[in-house]
1. What are the residue pairs meeting all of these: first residue in the range 192-216, first residue acidic (Asp, Glu), second residue not in a helix (DSSP H, G or I), Cβ atoms under 6 Å, and 6 or more apart or on different chains?
2. Please specify each residue of the range 400-422 satisfying the condition of being in a strand (DSSP E or B) and buried (at least 17 other Cβ atoms within 10 Å of the Cβ).
3. Could you check the range 211-317 for strands (runs of 3 or more DSSP E) lying wholly inside it with 1 or more residues that are of a type in the set (Asp, Glu) and in contact with a strand residue (DSSP E or B) (Cβ under 9 Å, 6 or more places away or on another chain)?
4. Considering only the range 130-149, how many residues are on the phi > 0 side of the Ramachandran plot and polar (S, T, N, Q)?
5. Return the residue satisfying two criteria in turn: it lies in the range 29-65 and is touching an Asp or Glu at 6+ places or on another chain (Cβ under 9 Å) and more than 16 Å from the ligand (Cβ to nearest atom), and of such residues it is nearest to ARG259 (Cα to Cα).
6. What's the total number of residues in the range 97-114 that are part of a loop (DSSP other than H, G, I, E, B), within 12 Å of the ligand (Cβ to nearest atom) and either buried (at least 21 other Cβ atoms within 10 Å of the Cβ) or among the hydrophobic types (A, V, I, L, M, F, W, C) (or both)?
7. Would you check if LEU137 is at pLDDT 95 or above and more than 16 Å from the ligand (Cβ to nearest atom)?
8. Which residues, taken from the range 293-320, are touching a helix residue (DSSP H, G or I) at 6+ places or on another chain (Cβ under 6 Å) and surrounded by fewer than 24 Cβ atoms within 10 Å (Cβ to Cβ)?
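The values are calculated or read from the model by the stated rules, or taken from the named source; none is laboratory data. What you are looking at is a predicted structure, and each value in this text was computed from that prediction instead of being measured. All Cβ positions, even for glycine, are placed from backbone atoms using ideal geometry, and neighbour counts span all protein chains on display. Quick note on the areas: whole protein, heavy atoms, side chains included, nothing else; ligands and nucleic acids left out. Shrake-Rupley method; radii C 1.70, N 1.55, O 1.52, S 1.80 Å.
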Amino acid sequence: MLTRETVRPMPGEPTVPARVRELAERLGREGTALPAYIYDLDGLDAHAAAIRAALPSAVELCYAVKANPDPAVLRVVNRHANGLEIASGGELAHVTAAVPGARVTFGGPGKTPAELAAAIRQGVARFHVESPHELRLLGAAAAAADRTASVLLRVNLPFDASPGAAGDLVMGGGPTPFGMDPGLLDDCARWLASGSREAGAVELRGLHAHLASGLDAAAALAAASRVLDFARRWCASHGVRNPEVNLGGGMAVDYQHPRERFDWAAYGRGLGQAARHGETLRIEPGRAVTAYCGWYVTRVLDVKPSHGKTFAVLAGGTHHLRTPAAKGHDQPFAILPLAASATGENSETWPYDWPRPAMEPGRVTLVGQLCTPKDVLARDVQAPGLRAGDLVAFGMAGAYAWNISHHSFLMHPPPAFHYVGA
Ligand SMILES: *Cc1c(COP(=O)(O)O)cnc(C)c1O
């Protein structure tokens, strides 16, 4: 008797855009051209335009660069955004070079005096300040340069914004290194009122909150309304007129359902109802903007059974696409089978006199070339028949994918990068 498989939700299959598929198949024919990342800039352009169109005009859209800082991606996103949110001196230098003239906001913990000074020199539009100490460092840097730094204080409010799904990144609501408890905000306000030259070089514009990632529209609106309640009261009692409130990012991306999208229309409607005349609302999503435009395309090198399971070994792996390892999910994928003309055992793509390793339709674990059991891109997932030489196109690889991966582990060659559209 076979033991029953535990029922595991299967990721849906992403729709591979025609131009991505054509390029992937061409690269597949070139033998050594895979693995590769393909960025669908046309798809990204349309998606970013749709996000912008769903938001009320009074709501500003910034993009969190850490999700994917690829220069071509940044330039397309910036067409539809009011600015780019950076979180390091490295991102500052990169964005300044890649998208000259972009409006930049600077967030993230542990900003150094050198980073703050560089950001002041570059004319960063807003600083999201993470602590009273950082506020003083910023004031000193701005005063030394005879400039004024425009600031939102980042608050960590005591409520749980997360719907609690596994893999969510909770960044507020409890003890975290991010932002300030309300008491620390008050310390900042006291220092700003101190009358020192450094404090005078800081202009307080409002508050910032980024509490969690993985929020659906209803959860994001509920979090926004609590942040707004707090921010309006705090700003009014500290004399911040026409306040700005940055509501952060964290809009959900559902890796189980690659064809679904965050409900930007509902979110936009809700923000439209929440917004009040005279204040500026701003959001800074990352993942939900760029996840869908990226494809990691690779090739099946080998297929073999192991103790009742089937494994397909792919070129590349999680050192190129760490997302499934980082999030603990199965990366959605589509199989691009070998062209029928190339399936013969003695065709030019199969020069050997033994049969191609292959499997019948069924469950398979897709792994990479790394010598670690963690190098799994999708575990025990249903696949059509699969054979060495087939291509696998992993979707939703446009955010927190290449740029969070441990590229040099095992020293395999890096993927190539290709772009379709502009
Ligand atoms: C990471 C981050 C974002 C973007 O989060 P996503 O989940 O990618 O939307 C926005 N703001 C801050 C402060 C962040 O740290």
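1. That search, which allows pairs on different chains as well, returns GLU203/THR148; GLU203/SER150; ASP216/ALA252.
2. HIS418, TYR419, VAL420
3. Per the criteria, 244-246, 294-306.
4. Residues flagged as on the phi > 0 side of the Ramachandran plot and polar (S, T, N, Q) within the range 130-149 amount to 0.
5. For the range 29-65, the residue satisfying everything is TYR39.
6. 1
7. Values: at pLDDT 95 or above: yes; more than 16 Å from the ligand (Cβ to nearest atom): yes.
For LEU137, the condition - at pLDDT 95 or above and more than 16 Å from the ligand (Cβ to nearest atom) - is met.
8. THR318, HIS319
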